[in-house]
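The values are calculated or read from the model by the stated rules, or taken from the named source; none is laboratory data. Model, not experiment: these values are computed from the prediction. Every residue, glycine among them, receives a Cβ derived from its backbone with ideal geometry; neighbour counts consider all protein chains shown.
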Amino acid sequence: MNNLLNFILKYSKWFVFTIYVLISIVLLVVNNNYQQSIYMTSANAVTGSVYSGWSSVTGYFHLHSINESLQHRNAMLQNEVLNLQSQLRELRAAAGDSVPTPTVERFDYIAAGVINNNTRHPKNFFTINKGLNDGVRTGMGVVDQNGVVGIVNVAGKHMARVISLLNETQHFSVKIKDTPFVGSLSWKGRNPEIGYVEEIPRHARYSPGDTIVTSGYSTAFPEGIPVGVILNRVHSRDDSFFTFKVKLTSDFRTINSVRVIRDIYKNEIDSLAAFDVVTSEDK
């Protein structure tokens, strides 16, 4: 206490001077409109900066909510597009028939958020915030707004783990868009932007810039979902086939929202495949 009193007495002149300065500033601002305007402008600038920062924080969470809503809507629209494409193909195939076969919607989508992701390993995975309770099952394909990103390999009640396309163990059935030429796409590691398509027949016609899409030869993905764009042809170990270097359509380093594809016919297709295996064993 004595030290505090000694400090105040020692610097009393400075304290008095500071008080006079503060009183002068108050009187100047109160009695001078110009100075009031300067003060208010400065105060508003500081307050505005604070509110702007707070608005950015709250806006982030608001945008996150909007993004989830848009993803859900996008999933619905994507489902409608795929079903319309399926109907169009069937109508073209049945163009010579007097009564076209009615089309049943085969695929629908489950919107999900990515809560954990990596791209730096030879075998990459990511986690989504939807699971068994939301209809997610093992083997379902996963896409983002740009194209294929992976396949579900483990599903819990509320979350699921997805094998990323950036996984050296994975191969995806693909084809050159608007052609019948089917091949296999895989990732060779290192660059998360580059994949390779192998086993494309040498008589296939192609050009750099052609789009690589899913072939539709699996229950994981419908036909026609983008995967990448051909950059150039590279050396192939088999002279009967082409190998293409492909720029992947999805940026795996920034994935935050995805859609899980549900094939309504999957169980039926799997049971028929199992029946074929049993029949061949009986023979």
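Number of residues in segment 254-274 that are touching a strand residue (DSSP E or B) at 6+ places or on another chain (Cβ under 9 Å) and either basic (Lys, Arg) or part of a helix (DSSP H, G or I) (or both) equals 3. Filter segment 123-155 down to the residues that are assigned to a loop (DSSP other than H, G, I, E, B) and more than 18 Å from residue 221 (Cα to Cα) and list them by number. Within segment 123-155, 129, 130, 131 qualify. When segment 227-242 is limited to residues that are closer than 18 Å to residue 182 by Cβ and at pLDDT below 95, the one that is surrounded by the most Cβ atoms within 10 Å (Cβ to Cβ) turns out to be 242. Within segment 178-201, if we keep just the residues that are loosely packed, with under 14 Cβ neighbours inside 10 Å and in contact with a strand residue (DSSP E or B) (Cβ under 7 Å, 6 or more places away or on another chain), the residue that is farthest from residue 211 (Cα to Cα) turns out to be 188. Scanning segment 164-176 for residues that are touching a residue at least 40 places away in the same chain (Cβ under 8 Å) and surrounded by 15 or more Cβ atoms within 10 Å (Cβ to Cβ) yields 164, 165, 166, 167, 172, 173, 174, 175, 176. Please pick out the residue among 131, 156, 183 that is under 19 Å from the mean Cα position of the chain (by Cα) and not acidic (Asp, Glu). Matching residue, one of 131, 156, 183: 131.
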